[in-house]
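Asks: Here's a structure for you.
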Amino acid sequence: MNNELAKKIILPILVFIAILGVWSSIANVVEDFPTPSDTYVAAFGGTNADGDEITGVLADPFYVENQDDKGLFWQIMESLKRVFAGFILAILVGVPLGLLIGMSRNAQYAFDPFIQIFKPVSPLAWLPLLLFIFQDINLTAISTIFITSIWPIIINTALGVKSVNEDYMNVAKVLRFTPIEKVMQIILPVAVPFIFTGMRLSLGIAWLVIVAAEMLTGGIGIGFWIWDEYNNLNYHNIIIGIIVVGLIGFLLDVIMGKIADYFDYTKKGRA
Amino acid sequence: MGKQKFLHLENIEKRFPILGKEDYIAVTNVNLEIKKNEIISIIGHSGCGKSTLLNMISGLDKETEGYIFLKGKEIVGPGPDRAVVFQNHSLLPWLTVYQNIEMAVKKVMPELSSPELRERVERYVSMVNLDHAKDKLPSEISGGMKQRVGIARALSINPDVLLMDEPFGALDSLTRANLQEHLMRIQQSVENTVIIITHDIDEAVLLSDRVIMMTNGPEATIGEILEVNLPRPRNRVELQHNEEYIRCREAILSFLYEKFAKEDE
């Protein structure tokens, strides 16, 4: 039996058991805190502690009761739509801006102070201002994600451009490449892996931020759903929400990682 | 006027500004005439400005004073008429051997039809015996093979002058010898004007028609010019006992280690 593989399976199971233990003891101490088995029933259905038969939120994620009461699947889709809308806008603006900053020292001087100042601001600080401008939940959430996502994309794109080897540029000079040819044939192939690293970081942060943003904006979406379950005293659903958000975030990261590897020339031809 | 000079360097000087100090004069008072199809080596200790000199001919660097003419026209900026083989091959790592050469040919000869393009690229891949590796990425081939691709790429655009900046400097001595053989064989068939920067005495004598010896910097200039009167094709083993070969080696040795010995750095 493969020893490494056994460890990879057994060790996480031990940690999982430890987590269940800590969780159970918290549930013992804190009144009304859901136990692991309560939560399991709330997720997948069964008979709950009060002896009632219920359908779990994960057992029926596709239901649509009305505009404001939809299954978990629709909540997540709503959040993902906002994340990707803001994320794609950030790519459309951030990549060209990053290329400009990477290629032109003047552009770097011009933009760098503002990037440095705005980058550390929590995107949620922008949210009230954006809500005031748009007066619309969706546009506010999307523009918050846009502001969240754009900094790592700009910074990594510029870094990618700067890491173009001087020798490659000399080759381009000897062959008298036009500026467009330089970008398409030399700069982009070098910068693309960096750009994807930036995009991967951005998407991760965007998924973090959307939950908080939706708690503030309300409406529909996984963030507001979690907040709503708190107001409804459905504490087990908060735990389910946390796990679902975690799994989706993990999945997004894996997918972005795969896409990034596909475009990374340094990872080709090594097999 | 008589016949036109091919490549001509006139009173070249290169100064580098240093903040708050007088300019550093790297190279000064260089006058040199290079004939068509001539193979020239420029040799000197490190810091003698030989790479600076090559960069000025390639146009990647601009001379502070003086003029460089190629076929009667002054050189301003880099161009494909002066192909460069860089020391660290500088192949684009995301393109295969074939694509690296194709990129250059496509750019310099846009008029070629696609069969003509393919035929030309393949001819130059074959010239450096890399047919078996043409679809490999630079990361998958050895240092010597990469440098051969660099040479093929430089020659494929049919330059007037081939400039080589310590082309084999980063390679072990057996690989280096192998590449020197490649270069001599190719030169026999294509006939090109070649300028090689080197710090290897044997390489200089083996490859060149003339060896330009540079004095030490700062204010480096041409110290002596040595004619190598050896018939081609040259065989490195037979040359070891050839009087002319020995005379040339000794002349360079004496220049580098007696007349212009380099102090400890």
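Asks: I need the peptides B:155-165, B:66-76 ranked by packing, meaning the mean over residues of other C-beta atoms within 10 angstrom, with the highest value on top.
Replies: Values: B:155-165: 21.0, B:66-76: 14.5.
Per-residue mean Cβ counts within 10 Å order the peptides as B:155-165, B:66-76.
Asks: Among A:127-139, B:13-25, how do they line up by average Cβ neighbours within 10 Å per residue, starting with the highest?
Replies: The peptides rank, most packed first, as A:127-139, B:13-25.
Asks: Short version: what are the Cα gyration tensor semi-axes of the stretch A:180-269, square root of 5 times each eigenvalue, largest first, in whole Å?
Replies: 38, 14, 6
Asks: Additional query: Using 26 Å as the Cα-Cα cut-off, could you pick out the over-long pairs in A:K182/B:K50; A:K70/A:K258; B:K5/B:K50; B:K50/B:K136? Don't skip to the end; give the middle numbers.
Replies: Values: A:K182/B:K50 28 Å; A:K70/A:K258 32 Å; B:K5/B:K50 22 Å; B:K50/B:K136 33 Å.
Among A:K182/B:K50; A:K70/A:K258; B:K5/B:K50; B:K50/B:K136, the Cα-Cα distance tops 26 Å for A:K182/B:K50; A:K70/A:K258; B:K50/B:K136.
Asks: Moving on to the next point. Which of the aspartates and glutamates could be linked to B:K134 by a straight reach, that is with a Cα gap under 15 Å, when you skip same-chain ones fewer than 8 residues away?
Replies: Hits, sequence-local ones excluded: B:E102, B:E119, B:E122.
Asks: Could you compute the FRET efficiency for A:E53 and A:M77, with r as their C-beta to C-beta distance and R0 at 41 Å, rounded to 0.05? All intermediate terms of the calculation are to be shown ahead of the outcome.
Replies: Working: r = 28 Å, r/R0 = 0.69.
Rounded to the nearest 0.05, the efficiency is 0.90.
Asks: Is there a simple number for the mean count of other chain Cβ atoms within 10 Å of the Cβ of residues in A:164-171, and what is it?
Replies: Mean partner-chain Cβ count within 10 Å for A:164-171: 5.
Asks: Further question: Treating the beta-carbon of each Lys and Arg as +1 and of each Asp and Glu as -1, no other charges, what is the dipole magnitude of chain B about its Cα centre, to the nearest 20 debye?
Replies: Using Cβ point charges on Lys, Arg, Asp and Glu, chain B gives about 800 debye.
Asks: Which value in nm describes the separation of the simple spin-label points at A:L20 and A:D32, placed 7 Å from the Cα toward the beta carbon?
Replies: The modelled label-to-label distance comes out at 2.7 nm.
Asks: Rounded to the nearest 500, what is chain B's calculated 222 nm mean residue ellipticity when only DSSP H runs of at least 4 contribute -39500 (n - 2.57) each, over all residues?
Replies: On the way: 8 runs with 90 residues, N = 265.
Here the helix-only value at 222 nm equals -10500 deg cm²/dmol.
Asks: If I fit a long axis through the Cα atoms of helix A:137-162 and take the longest principal axis of the Cα atoms of chain A, what angle between them do I get, 0 to 90°, rounded to 10?
Replies: 40
Asks: Expressed as an acute angle from 0 to 90° and rounded to the nearest 10, what is the orientation of the C-alpha long axis of helix B:114-127 relative to the principal long axis of chain B?
Replies: The helix B:114-127 is inclined about 60 degrees to chain B.
Asks: Given H placed on each backbone N at 1.01 Å, which residues far from B:C48 in sequence or on other chains put an amide H within less than 5 Å of it?
Replies: B:G217
Asks: In peptide A:244-253, how many Cβ atoms from other protein chains are near each Cβ within 10 Å, on average?
Replies: Taking all residues of A:244-253 together, the mean is 0.
Asks: Here is a further query. For chain A, take the longest principal axis of its alpha carbons; what is the angle in degrees between that and the long axis of helix A:222-231, to the nearest 10 within 0 to 90?
Replies: With rounding to tens, the tilt is 30 degrees.
Asks: Under a cut-off of 13 Å between alpha-carbon atoms, report the aspartates and glutamates in cross-link reach of B:K62, not counting same-chain residues fewer than 8 places apart.
Replies: Within the straight-line limit of under 13 Å, B:K62 reaches these aspartates and glutamates: B:E13, B:E74.
Asks: Which distance in nm do the two modelled labels at A:D253 and B:E244 give, with both placed 7 Å along the Cα-to-Cβ direction?
Replies: Result: 7.0 nm between the two label points.
Asks: May I ask what percent, to the nearest 5, of DSSP beta bridges between residues of chain B are antiparallel?
Replies: The antiparallel fraction comes to roughly 50 percent.
Asks: Is there a simple number for the mean count of other chain Cβ atoms within 10 Å of the Cβ of residues in A:174-183, and what is it?
Replies: Taking all residues of A:174-183 together, the mean is 4.
Read-outs: derived from the displayed coordinates by stated rules, not from any lab. What you are looking at is a predicted structure, and each value in this text was computed from that prediction instead of being measured. All Cβ positions, glycine included, derive from the backbone under ideal geometry; neighbour counts span all protein chains shown.
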